[in-house]
Each structure stands twice: as structure tokens, then as C-alpha cells.
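Asker: Structure in C-alpha cells, see below.
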Amino acid sequence: MCGIVGYIGEKKAKEFLIEGLKKLEYRGYDSSGIILFNQKVFLKKEKGKISDLEKTLIEEELDSCKLGIGHTRWATHGIPNKINSHPHVSNSGNLYIVHNGIIENYESIKEVLISKGYKFYSETDTEVLINLIEEVKKSENVKIGKAVKIALNQVVGAYAIAVFDKNNPDEIIVAKLGSPLAVGIDGNNFYVGSDPSPFIKHTKRCLYLNDYEMAILSRKKGLILRNFLTDDILKQNIETLKLEIDEVEKGGYEHFMLKEIFEQPKNIKDALRGRILNNPERIKISSVEEFIDKFEKTKRLVFISCGTSWHASLLAEYYFEELARIPVEVEYASEFRYRNPIINQEDIIIPVSQSGETADTLAAIKLAKEFNPFLYGVCNVVGSTISRETDSGIYIHAGPEIGVASTKAFTCQAVVMLMLAVDVGFRLRKVDLVKYNTIVNELLDLPNKVENLLKESNIILDIANKYKDARNFLYLGRGYNFPIALEGALKLKEISYIHAEGYPAAEMKHGPIALIDEDMPVVVIATRKGNYHKIVSNVMEIKARGGKVIAVVTKGDKEIKKIADDVIEIPEADELIIPIIANIPLQLLSYHIANLKNCEIDQPRNLAKSVTVE
Ligand code: F6R
């Protein structure tokens, strides 16, 4: 949800800002803008992609600028156009800001500022914030740093900001509450990013700002970190990033999404690494070991999440109920936060989030905390807000996911959920050693299976060609494969804009069957284990009504092959592992359909990677 960058130092700012914004484009791509400074401010904004903005940067003078801030926008307040684009400038023309987040009380502040003579040109909350800073600076006669601090104490909302004052041209001020912000440090060069991907090429030394922190990045004084509530100077916990540049580049693939689909064997290994060992009690997850008593005492697990992470949570419900015999509820964070949910102190609340920054999930955590349950987070982004706001948890180690539609992160979520459920189940003596070893061995074998499946995936392109013009799709699955049907349908919707719905296969006859005709492709996950004959009947029902069936079947299947229009074979595996494998051809089907339709795969319309607004 919007990305911000900034640079102050000895190098050319333009290159960093443009390259950095491209790395953050996954966060929003409705419009973008930068300011560059050398004696005077150059302000450039453009609707659309960073490449559109880049075309406007023609003046030679821009190359001499060694300071700048930039923004890529996912529109919240006001339509995507040049006026609403960031950076925003204060009425005096002296102060500039880029902002990721939402200022909730901007309307009341705007009214006060209007009464003092301020004029507003955009519909944004950000323009209100920069004029509030200006007003504070003037009325309190303070320097820019102090003005930012005072203003932030008056606003309500979530933000990561970078502010520049052209009368104080040797510094940039950054601050955050709720939205993520990282500063890269290389001697006298300071890089700012919503995440470290923009500056990983330049430095691995990184300071993640915490909520209520503000940093002054100064040519003369270096980096000064303060708490903007208390004004205390803070110790700087500079980390050395482990991220490598090729993790955030396409590596020869046409799209990040394709690269991310194909790197899943490695991601699964990373998710398992260090957690499955070669001894009798082979799974070793320190957070489970440490808090097993909580799992032992709890009466239920409550998963809270959104979108794809909600689908992973639904799969977790099947896993935990089967293996650990603990009752599970799966909640949409956005609903949970506005209900009056019943939460008990002995509940374990499990927020699941790839970004670890999703506003609804964070709000649900905040609400849950009032009842003091044990909070166990499942996140991808290390150090993200959700990972910090929970009592304990586990990282899925999928690495940076740039494609906006999630693929590898979902797979790693599923792998980690299964590993957690079997570990907890075994420790609570609900899973016997035979089952335990079967799952552990199958998990270890999963990267190979996925690798082989990907090698033989050409057929999916042919199937995509056949069905790319369909206007609607149905996805059906039973048991463990039901969440996969939901996820398959979501993937298709997100990147190809084809309407698609996922259902438990048996629900079809309770309504959706009315939709079936010769124009309706139905993707059925029809693998051998788990209600196979029931699924065969469902396929028959579709065929009897003229529907087209694309079946995901177990290698060697004969029965469904005879009746389905197209089949995608996947390797045999335990029924708990099958959904993780079955999900992969569905990712590829969506990818190829979207690519054949010339859709913007990595940056689908209206979406953004981390949804840090409601
Ligand atoms: C879809 C997708 C989204 C996210 C959702 C929650 O491909 O990725 O549905 O899962 O926006 O985001 P996280 O997982 O970051 O909390």
C-alpha cells in the first residue's frame, strides 16, 4: 500500500530513487513521483508506472542532485492522477512529503488549516499533514525536526513518512507509526525504503524504525534516532541484512510470479530447514517446544487472516483438527475486528500474514490483546509488525515475494501449518509415530516432487490456451483440497480478471450447479486419496450438464481421465501433502491464462502487496 524511498549522500539520487521505486512497485502502482534537490527542488509526478515517471526525467541538472524522496502510490484518498500523487508540497513551497498510510483525522485538521488560510489542491490526507507540519513550524517557530514531531503527536492514523525542507537542505526526516520503514546506512549515504529491497544493492546495514520513532538523516550530524512521543534519543539497532540482490530480481524469468512459482522447491526447503532433524523426535520448532503447555491447555485455536493467508488458515484448520485434535476457528480479520468476538484467556490466537503488516490483521490482534490470550504469529517478513506484536510464532521463510498475487508464500504457509500441526499433535500424543514419520518423510520429499511437477508443467500452457476466453470458472475440491479450490479461484481472479469461485465439491448441487453449461470450465481437484469416488460423481454431474472439466488427478489415474476434458497429473502423496502439491498447477494455470490475455501479471489492477489500510 504505497512505497516510499529517500536518499541523502554523495551519490546521484535519481538512479537510486527510480530503481528503488521499481523495487517497491509491488506496493502500489497507480501513480508515482519524486523530488530531487540541488540548489532548487525538481518535482516530477506521473500517473501510472515508474517507467512512465522515468520518461519525464530528462533535464541534465537532475543528475547532479544528491538528495531526493519518492513515492509509488496505491490510491486511498482521491483518484490516481498527477495532483493526488506524492510528493506533496506545503503552501509555502518549502516542505515536501511522501507518505505511506492513512491519516484518519485529516478532515478535522484540514478544516482548522483552511480557517487559517491554507489552500488544498489534492484530495489527499498527505497534503493536510505537510501543511500541518508547516503550520506548526511557523506558529511555534521551531525547526523542521521539531515541527514534524509536534505534528505527528496531533495526527491519528498509520504512516511512514519522509519529509524534506528546502531551507534545511542537508537533511531528510523520516518517521513511522503502523506502516513499515527501513533506513540503509553506508557511511555518509542514507537510503530510505518501505522495505530494504531498494537499497540492498548499496548496503546491507539496515535500521528498521519501530513505531513512534523518527530519524533525522543529516549530512552534518549523521543519523539521529528519537522517540517522537518522549523526544528521547534512542540506541540504533543496526542489523546486517541477509537478503541477496538476486532474491529481489527476476533472474531471467518473464515475470516475478513465474520466477516465484518455479523457486518453490527451494522455498519449501528453506521453510523446513533447521526444523526437521535426523533424530526420533525430528521436528524441532523452538516456539512450539517452549510453549507446548499453551497448546496443551488451550480449548481452541483461532486463526485470523485475510485473502490468501485466510486460505492457508483454513487448511491449517483441517490439519490441526486432524492431527492435534484441537478445535479451530478461522476468522477473516476484517470481520473479527468489528464483531464483538468471544475471546478467552486460554485461547491461542494465530494471526497469519505474509507481509506481517496487514491493517485488518493488526487491528484484530489489538482487539484480541484486550483479553490477554496467547498470540502465536505466522509471518513471512522477518521483523514485521505482526511478528513483533505477537508473543511468539514462526516465520515461513519464503523469501521476498514481489509478484502481488501470492504463490510461494502460500505454499510455505501451508508447509509450515502442516509441520506445526504434526509437531503439536505428536507432542500432545494425538499422532502416532508411524503417522508422524510418514508426514515428516513426505515433507522432506516434497521439494523433489514439486520440482518434478514443475519440469512437466508444459501441458498447463495448452490447457490455458484452450480456456483463456472463458468468462467464468468454478473450482471444486473436497476436504484438504477445498482451501486449494478457493485459492485457485482467487489466483485466477486476481491476475486474469476472470470471474472464478471456489466451492466444496459437494456444495455444487446446492446452487452453483445452475451455472454449469458448455461455457463454464470447472477445475476439479480429483486426486486419488480422500473421497475419490464422491469426486468422480461430482465430475459426472458436471459432464452430464455439458460443463468442461479440467481435473487435477493423481499420476496414473484412469477413471477421471476417461470423463474429464483435460487432466493435470500430480505425483502421489499422503492426503495431507496433496493440497500443497495440487495448488502448484493451479498457480501455473492462472499465470498462463493471464499471460495469454496480456494482463499485468506482477501488478494486477487495483491490488497491492501489503494492505496497510482498511
Ligand atoms: C493474494 C494475496 C492477498 C493477501 C492478503 C493478506 O494473492 O496475497 O490475498 O494474502 O492481502 O495479506 P498478508 O498475507 O500480507 O496479511
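The values are calculated or read from the model by the stated rules, or taken from the named source; none is laboratory data. If you're wondering where the values come from, they're calculated on a predicted model, not measured in any experiment. Cβ sites come from the backbone with ideal geometry, for glycine too, and all protein chains shown count toward neighbours. Heavy atoms of the whole protein, side chains included, go into the accessibility calculation; ligands, DNA and RNA do not. Shrake-Rupley method; radii C 1.70, N 1.55, O 1.52, S 1.80 Å.
Asker: Between a residue in the range 414-426 that is charged (D, E, K, R) and any residue that is assigned to a helix (DSSP H, G or I) and open to solvent by less than 10 Å² (accessible area, probe 1.4 Å), which pairs come within a Cβ distance under 8 Å, given they are 6 or more apart or on different chains?
Answerer: D423/V288
Asker: Scan E317, E329, E401 and give me the residue that is farther than 23 Å from L428 by Cα and among the acidic types (D, E).
Answerer: Criteria check complete, one pass: E401.
Asker: Any idea which residue in the range 364-394 is nearest to I292 (Cα to Cα), counting only those that are in a helix (DSSP H, G or I) and within 12 Å of the ligand (Cβ to nearest atom)?
Answerer: Applying the filter and picking the extreme gives S387.
Asker: Quick one: G101 ticks every box in (1) closer than 24 Å to F16 by Cβ; (2) surrounded by 24 or more Cβ atoms within 10 Å (Cβ to Cβ); (3) at pLDDT 95 or above except a single one, so which number is it?
Answerer: Going through (1) closer than 24 Å to F16 by Cβ; (2) surrounded by 24 or more Cβ atoms within 10 Å (Cβ to Cβ); (3) at pLDDT 95 or above one by one, G101 breaks only (3).
Asker: Quick one: how many residues across the range 81-94 are surrounded by fewer than 16 Cβ atoms within 10 Å (Cβ to Cβ) and in contact with a strand residue (DSSP E or B) (Cβ under 6 Å, 6 or more places away or on another chain)?
Answerer: 2
Asker: Another question about this same structure. Is there a residue being part of a loop (DSSP other than H, G, I, E, B) and touching a Leu at 6+ places or on another chain (Cβ under 8 Å) anywhere in the range 526-546?
Answerer: No, every residue in the range 526-546 fails to be part of a loop (DSSP other than H, G, I, E, B) and touching a Leu at 6+ places or on another chain (Cβ under 8 Å).
Asker: Is it the case that L596 is open to solvent by 20 Å² or more (accessible area, probe 1.4 Å) and either within 16 Å of the ligand (Cβ to nearest atom) or within 29 Å of K23 (Cβ to Cβ) (or both)?
Answerer: In short, yes.
Asker: Out of I224, I133, I200, I185, which single residue is open to solvent by less than 30 Å² (accessible area, probe 1.4 Å) and closer than 24 Å to S90 by Cβ?
Answerer: The match here is I133.
Asker: All but one of (1) out of contact with any strand residue (DSSP E or B) (no Cβ under 6 Å at 6 or more places or on another chain); (2) within 16 Å of the ligand (Cβ to nearest atom) hold for I304; which doesn't?
Answerer: Here I304 meets the rest and fails (1).
Asker: Tally the residues that are over 23 Å from the mean Cα position of the chain (by Cα), surrounded by 15 or more Cβ atoms within 10 Å (Cβ to Cβ) and either within 16 Å of Y121 (Cβ to Cβ) or aliphatic (A, V, I, L, M) (or both), restricting the search to the range 53-80.
Answerer: 6
Asker: Would you mind stating whether Y480 is part of a strand (DSSP E or B) and either open to solvent by less than 10 Å² (accessible area, probe 1.4 Å) or closer than 20 Å to Y318 by Cα (or both)?
Answerer: So Y480 fails the test.
Asker: Further question: Just to verify a result, which residue in the range 399-424, among those that are assigned to a loop (DSSP other than H, G, I, E, B) and within 13 Å of the ligand (Cβ to nearest atom), is nearest to Y436 (Cα to Cα)?
Answerer: Checking each candidate, the answer is T407.
Asker: Then there's this: If I filter the range 499-522 for residues that are at positive phi and at pLDDT 90 or above, do I get at least one hit?
Answerer: Scanning the range 499-522 turns up no residue that is at positive phi and at pLDDT 90 or above.
Asker: Here's something else I'd like to know. Go through (1) over 24 Å from K23 (Cα atoms); (2) more than 22 Å from the chain's Cα centre (by Cα) for G157 and report which single condition fails.
Answerer: G157 satisfies every listed condition except (2).
Asker: Continuing with this model, one more query. Does the range 553-581 hold any residues that are part of a helix (DSSP H, G or I) and closer than 24 Å to K466 by Cα, and which are they?
Answerer: Residues satisfying the conditions are E559, I560, K561, K562, I563, I581.
Asker: One residue is enough: does the range 337-359 have a residue meeting the conditions farther than 28 Å from Y436 by Cβ, within 16 Å of the ligand (Cβ to nearest atom), among the β-branched types (V, I, T) and assigned to a loop (DSSP other than H, G, I, E, B)?
Answerer: yes
Asker: In contact with an Asp or Glu (Cβ under 7 Å, 6 or more places away or on another chain), in contact (Cβ under 8 Å) with a residue 60 or more places away in the chain, away from the ligand (no atom under 16 Å from the Cβ) and of a type in the set (K, R): which single residue out of R325, R226, R282 fits that description?
Answerer: The unique qualifying residue is R226.
Asker: Continuing with this model, one more query. Against the definition (at pLDDT below 95 and not polar (S, T, N, Q)), how does D165 come out, yes or no?
Answerer: For D165, the condition - at pLDDT below 95 and not polar (S, T, N, Q) - is not met.
Asker: Pairs please, first residue from the range 1-27 and over 12 Å from K49 (Cα atoms), second anywhere and in a helix (DSSP H, G or I) and polar (S, T, N, Q), Cβ atoms under 8 Å, 6+ apart in sequence or on different chains.
Answerer: That search, which allows pairs on different chains as well, returns K12/S64.
Asker: Might you check whether a residue that is closer than 30 Å to F256 by Cα, within 16 Å of the ligand (Cβ to nearest atom) and open to solvent by 10 Å² or more (accessible area, probe 1.4 Å) occurs anywhere in the range 540-563?
Answerer: No, the range 540-563 has no match at all.
Asker: Still on this structure, I have one more. Tally the residues that are modelled with pLDDT of 80 or more and open to solvent by 70 Å² or more (accessible area, probe 1.4 Å), restricting the search to the range 263-288.
Answerer: Of the residues in that region, 5 qualify.
Asker: In the range 300-340, how many residues are modelled with pLDDT under 95 and open to solvent by 10 Å² or more (accessible area, probe 1.4 Å)?
Answerer: The qualifying residues number 6.
Asker: Under 6 Å between Cβ atoms, at least 6 apart or on separate chains: pull out the pairs that start in the range 298-319 with a residue that is touching a residue at least 60 places away in the same chain (Cβ under 8 Å) and end on any residue that is near the ligand (Cβ under 10 Å from one of its atoms) and among the aromatic types (F, W, Y).
Answerer: These pairs meet every condition: T308/F410; A312/F410.
Asker: Condition first: within 16 Å of the ligand (Cβ to nearest atom) and part of a loop (DSSP other than H, G, I, E, B). Now tell me which residues in the range 489-525 satisfy that.
Answerer: Selection gives Y497, I498.
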